[in-house]
Amino acid sequence: MNFPIDISTDKAPFQYVLNIIRGKGEPFISPDGMVMIFPSMIKLTMPDDALFIFQDRYNSGEISCPYKYEDYIRDSDMQATIKGLNLDPDAFWLLVMFCFDYACSVCFSGFELADTVGGQITRLLSVLSKADKGNTQITVKSGKEKSIITDKTTISKIEEWIRRGYESDKASLNNFAINDYSELVKDSEESSSVLIWYFASLLRYFFEINPQYKGRAKKCTTVSLNKNILISNLIYHTHISLNPNFLNDDEALKGFFKQYKGKEIKARSGIYPSI
C-alpha cells in the first residue's frame, strides 16, 4: 500500500472504513446541514472529518498500534483467510487500524455528556414498566429525610402520572439535567477487558452489515474462513491482548461476547467528532 495514504487521490483503501462509519440506512441530517448522523455502531457527527482525522493520524504515526502493515502482509495464514473471504487486503488493513484507534479513543480517552431531563425520565419509566410491581420500591431522599414506597398500587399510579406528564411535556425536556456547565461533560475510561470486547464488536459489526464477505473452505486446505478466529487473531497481533488463547481459536473471544452481551458504551470518542 502506498504511503502516505491520501483519500483525495485513492479512495479504494478507505472503502471499508467509510462503510462502517455509514452503517446501514439513511442518515439524519440537521436542517442547517452541519450535522450528519449515520445509523452505525460508530457514533460520529461529522463522518467526512473523521476520515481525514484518521488519515492524518495514520500518516503521522499517531495510531500507537505495534502491529505493522509489513507484518500483516507477510502473515501468509492471515492473507489466505482474507483472500478466502473475498476481502480487499489494503481496505481491511485500514479498517483494522481505524477500529483499533476508534476503540482506544472511546475506551481510554472518551467522554460522556450529561443526560437530558427527558432522558432521565425515560430511563425511570423504563425501569418502572419492566419492574415486578410486587417486588419494587421507590426511594426518595432529601438530607436526613427519606420516603420509601413499596405498595404496588401506589407505584403503578406514580408511573401513570409520570408517563402522562412526560407525554404532554416531552418536547420541552431536551435540556441537560445539570446544575452548571462544569457538569456537562465528564471524562470516561473503560477497562482493557472492555476494549477487547469493543474492538472485536466493531469488526463483527462490519461483517454483520456486509454479509457478502464470505467464502467456502476448499477440501484439503488448512485455511480458516472463521471470522471470529480472524478477529481473535487481530486482538492478539494488535496487542490489545497478549493472551495466546486468542491465537487461532475463538473460544476466548466467545467468552468476551457472552460476558459483555447487552453492554452499552456511553462514552464518545475524544478524538473523532462524536454524537
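Quick notes
- Amide proton proximity set for Ser274, modelled H, under 5 Å, gap of 5+: Thr45
- Solvent accessible area, Å² - Phe108, 1.4 Å probe, full protein context: 90
- Taking all protein chains into account, the per residue accessible area for the chain stands at 58 Å² (1.4 Å probe).
- Per-residue accessible area (protein heavy atoms, 1.4 Å probe) orders Ser40, Ser8 as Ser8, Ser40, starting from the largest.
- By the rule of a C-alpha distance below 18 Å, with chain neighbours fewer than 8 residues away ignored, the aspartates and glutamates paired with Lys24 are Asp48, Glu208.
- Note on Lys83 and Asn226: the model spin-label points, each 7 Å out from Cα along the C-beta direction, lie 2.2 nm apart.
- Measuring nothing but alpha carbons in the chain and taking Rh as the Kirkwood radius, the Rg to Rh ratio lands at 1.06.
- Ranking of Val35, Val140 by solvent-accessible surface, largest first: Val140, Val35 (1.4 Å probe, protein heavy atoms only, all chains present).
- When Met41, Met46, Met97 are compared by accessible area at a 1.4 angstrom probe, the order from most to least is Met46, Met41, Met97.
- 3J(HN,Hα) couplings calculated from phi for the stretch 238-252 with the Karplus curve 6.51 cos²θ - 1.76 cosθ + 1.60 (θ = phi - 60°) are, in sequence order, 7, 6, 4, 9, 9, 6, x, 5, 7, 7, 6, 7, 10, 5, 4 Hz; Gly and Pro show x.
- Solvent-accessible area assigned to carbon and sulfur over the chain amounts to 51 percent, based on a 1.4 Å probe.
- Partner aspartates and glutamates whose Cα lies under 19 Å from the Cα of Lys157, excluding those fewer than 8 positions away in the same chain, are identified as Asp132, Glu167, Asp169.
- Size of electric dipole in the chain: Cβ of Lys, Arg +1 and of Asp, Glu -1, about Cα centre, debye, nearest 20: 1220
- C-alpha center-to-center spacing [the stretch 30-90, the stretch 227-253] in angstrom: 19
The values are calculated or read from the model by the stated rules, or taken from the named source; none is laboratory data. Here the structure is a predicted model, which is why all the values come from computation and not from measurement. Using ideal geometry, Cβ is built from the backbone for each residue, glycine included, and neighbour counts are taken over all protein chains shown. For accessibility, only protein heavy atoms count, side chains too; no ligands or nucleic acids. Shrake-Rupley method; radii C 1.70, N 1.55, O 1.52, S 1.80 Å.
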